[in-house]
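Please treat every number below as a calculation from the coordinates, not as lab data. In this text the structure is predicted, and so the values were computed from the model without any measurement. Counting neighbours? That spans all protein chains shown, and the Cβs are built from the backbone with ideal geometry, glycine included.
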Amino acid sequence: MVMNPETIQKLLQAGRIASQVKHEGAKRLAVPGSSILEILDYCEKRIKELRGNSPIRIERYRNTMRAKKETRLKEVFKKV
């Protein structure tokens, strides 16, 4: 599989974000009295902060989910 440079850069950035959040979450886990749910919530919020809320990315996600849903519905109605 050949990837273009833009895709490679996005994957590298995602890896850096995941690594940073993993280390931050581990530091919070070492604190007595912290719960797993609190740490997971923190990690989720932190990932969203680091990724940013790009309207283009959000719209692309919505379009992908819409296409998947339409495909599933077509398959279901073919069987009926």
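Contour minus end-to-end for K69 and R51, with contour as 0.36 nm per residue of separation and end-to-end as the Cα-Cα distance?
On the way: separation 18, 0.36 × 18 = 6.48 nm, distance 2.55 nm.
Full extension from K69 to R51 adds 3.9 nm.
Rounded to the nearest 10 degrees, what's the angle between the helix 55-79 long axis and the longest principal axis of the chain, both from Cα atoms, 0 to 90? The two axes meet at around 50 degrees.
Directionally averaged projected area (the range 1-61, Cα convex hull): 5.4 nm². Axis angle, to the nearest 10 degrees, between helix 5-29 and the longest C-alpha principal axis of the chain: 40 degrees. Here each label is just a point 7 Å from Cα along the line to Cβ, and for A26 and L40 those points are 2.0 nm apart.
Run the helix sum for the chain: -39,500 (n - 2.57) per DSSP H stretch of 4+ residues, divided by residue count, reported at 222 nm to the nearest 500 deg cm²/dmol. Please report the intermediate quantities before stating the final value.
On the way: 3 runs with 66 residues, N = 80.
Here the helix-only value at 222 nm equals -29000 deg cm²/dmol.
Computed from label points 7 Å out along Cα-Cβ, the spacing between N4 and R60 is 1.0 nm.
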